[in-house]
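The structure appears right after this line, and notes come after that.
Nothing in this text is a laboratory measurement; each read-out follows from the coordinates by a stated rule. Owing to the predicted nature of the structure, the values given are computational and were not obtained by experimental measurement. Neighbour counts run over all protein chains shown; Cβ positions are idealised from the backbone, glycine included.
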């Protein structure tokens, strides 16, 4: 199977490294020439509990025409870049190409369906944590389940093939027939962790050391669950608060992607995470004051960091 990863930040680099180590040699497509040049020179490097692993000659480019049509396109760009990334990757998409999003936030899968249709668009989540130390150099800060599925539960035969490839690459994967519930379940976890780390500069595990932050997490989760219930979304975890705590423990040393964005002076995905909960609340007439204020605070922080 020919595979391409679009977006070579922390998570894109992690998955590309794991797939490469398993012999799949994915293409890497990125819009930043500086990052592509660094990876070409230094390769991909992934640090984990067993040491540092190097992929010396990854196939990486800013030019999609160098790649050609692939069987599997994995999208790892920021949610606000999804449409641009898809337009830039059109030459990679053939009549049977499967496009898989493992991005944060809501709305990415729907954007992909407008390009390839529902039957070839897959959504999913991953609980792996990664921190980008420099271009192409990441720390694998925590492992967890990866869940993939088709929109509206439609059967896609390639799901089992992708699962086998991911499993063999150390990316333990399960298939779901309720991708919407899976995406919402991950959204709630991100909403309760990422903005609080961005605002406090704490690692994921450090959030649990502060009662005030734990209380905020409970309130954020409570609002999100109320919105999900109103939208008739079946959440993946019975106790979302306990799941948030579990993720904090499993990725204790990780800097969330939102914190990494703030530290680099970049735009965050807050509009697609807590902001999506606020938008859903307005549609369902569910009050979401805590998610609203968190969204506003992070957006104010973005302005300060980008200036």
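Pop a pseudo-label 7 angstrom from the Cα along the beta-carbon direction at both residue 54 and residue 201 and give the gap in nm to one decimal.
Distance between the two pseudo-spin positions: 3.3 nm.
Can you give the angle from 0 to 90° between the axis of helix 33-42 and the longest principal axis of the chain, with both taken from C-alpha atoms, to the nearest 10?
Between the helix axis and the principal axis of the chain, the angle is about 60 degrees.
Using alpha carbons only, how many angstrom separate the centre of segment 1-52 from the centre of segment 203-269?
Segment 1-52 and segment 203-269 have Cα centres separated by 27 Å.
Springs between alpha-carbon atoms under 10 Å, Gaussian network over the chain: tell me which of 255, 111, 78 tops the mean-square fluctuations.
With Cα springs under 10 Å in the chain, the top fluctuation among 255, 111, 78 is at 111.
Order of 185-197, 287-299 by packing, highest average Cβ count within 10 Å first?
185-197, 287-299
Where does each of 206, 302 land when they are ranked from fewest to most other beta-carbon atoms within 10 angstrom?
With the sparsest Cβ surroundings first, the list reads 206, 302.
Pulled fully out, how much extra length does the chain show between residue 95 and residue 172, if you take 0.36 nm times their separation in residues and subtract their Cα-Cα distance?
Gain on stretching residue 95 to residue 172: 24.9 nm.
If each residue's Cβ is checked for other Cβ atoms within 10 Å, how do 17, 134 rank with the fewest at the top?
Ranked by crowding around the Cβ, least crowded first: 134, 17.
Could you give the nm distance between label points at residue 40 and residue 296, where each point is 7 Å from its Cα heading toward the beta carbon?
Distance between label points: 4.7 nm.
Answer rounded, prolate or oblate for segment 3-177, using the Cα gyration tensor with square roots of eigenvalues a ≥ b ≥ c: rounded when a/c is under 1.5, else prolate when a/b is larger than b/c, else oblate.
It comes out oblate by the Cα gyration axes.
Roughly how tilted is helix 274-284, in degrees to the nearest 10 and between 0 and 90, from the longest Cα axis of the chain?
60 degrees
If the viscosity is 1.567 mPa s and the temperature 4 °C, what Stokes-Einstein diffusion coefficient in µm²/s follows for segment 13-71 when Rh is the Kirkwood radius over Cα pairs?
108 µm²/s
Using a 7 Å offset from the Cα along the Cα-to-Cβ direction at both residue 114 and residue 208, what is the distance between the two label points in nm, to one decimal?
4.0 nm
Would you mind checking the tilt of helix 10-21 against the longest principal axis of the Cα atoms of the chain, expressed as 0 to 90 degrees and rounded to 10?
That works out to roughly 40 degrees.
Two-decimal Rg/Rh of the chain from alpha-carbon positions, Kirkwood Rh?
Ratio of gyration radius to Kirkwood radius for the chain: 0.94.
Got a sec? How would 180, 84 order by Cβ neighbour count within 10 Å, fewest to most?
In order of increasing Cβ crowding within 10 Å: 84, 180.
Could you give me D for segment 193-307, from Stokes-Einstein at 37 °C and 0.692 mPa s, where the hydrodynamic radius is the Kirkwood radius over C-alpha pairs? Units µm² s⁻¹, please.
Approximately 227 µm²/s, per Stokes-Einstein.
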